[in-house]
Amino acid sequence: MNFPRRAAQVYGLVAALARTARTAALTVLGAATGAGRPPTPVQRFAARRPVLLAVYAGTPIGLVIVLAARPRVRTAADVAFVLANCMLVYCVFALVAYGERARQRLLGRDRRTAERG
């Protein structure tokens, strides 16, 4: 029996299918996110300065949360809960900005390989 050869063939087939699925997923992702267009100024700002974007975008929302919760805040636990919600807003904006950075890096890499091939 040629079990190692058959295992290598199966492994090669699985690896080829995985590469094909990854390429197809990246193609669909790229088309859905505007792979052919350059990033807008806001998208470039978000990718270059994710923490600053989180502060700029999260502060007004955090103020609204604080002002809305102010009448009900009585204990230190209430204050901690409001601050945790504000931090959650900042984290969401920062994660979106880091995702935009990864998207631009991925699209830039795809654009370079398309120019070569």
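The values are calculated or read from the model by the stated rules, or taken from the named source; none is laboratory data. From a predicted model like this one, the values you see are computed outputs, not experimental measurements. Heads up, the Cβs are rebuilt from the backbone with ideal geometry, glycines too, and the neighbour counts pull from every protein chain shown.
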Matching residues in region 9-25 - criterion: being at pLDDT 80 or above and of a type in the set (Gly, Ala, Ser): Gly12, Ala15, Ala16, Ala18, Ala21
Residue within region 50-57 that is in contact with a Phe, Trp or Tyr (Cβ under 9 Å, 6 or more places away or on another chain), under 30 Å from Thr23 (Cα atoms) and at pLDDT 90 or above present: yes
Residues satisfying the stated conditions in region 35-77, i.e. within 15 Å of the chain's Cα centre (by Cα) and closer than 13 Å to Cys91 by Cα: Pro50, Val51, Leu53, Ala54
